[in-house]
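Below you'll find the structure, written out as structure tokens, and then a few comments.
Read-outs throughout are calculated quantities, based only on the coordinates presented, and are distinct from any laboratory measurement. Because the structure is a prediction, the values reported are computed rather than measured. We place every Cβ from the backbone using ideal geometry, glycine too, and count neighbours over all the protein chains shown.
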Amino acid sequence: MTTTQVRRGLDGKLYPAAPLTPAERGRARWLAHQLVHGDGLSIRAAQAAMAQTHGLHRSRGGIAADLVGYECPRCADLDT
């Protein structure tokens, strides 16, 4: 995964310098799901792992939204 460029906003928080492409967003959703569901990390720990290991900076709210909006085939099988 490529390193996401960030900029500091007027509120002091870090924001992406450009919006994620659809392919990057898909990879971020998959990675968040894998870290939280597959590896059992908390959202906060997944956020740190995404930034440190994969160079992808995501807000905790963004990661939580990604988890709600994405279901892998394995999870779909568990629901039935």
message: With angles folded into 0 to 90 degrees, how steeply does helix 22-33 sit against the dominant principal axis of the chain? Use alpha carbons for both and round to 10.
response: 60
field: Most to least packed among 60-67, 36-43 [average Cβ atoms within 10 Å]
entry: 60-67, 36-43
- prompt: For the chain, what is one quarter of the convex hull surface built on the Cα atoms, given in nm²?
  reply: 5.6
- prompt: Taking the Cα atoms only, what angle lies between the long axis of helix 43-54 and the longest principal axis of the chain, rounded to 10 degrees?
  reply: 70
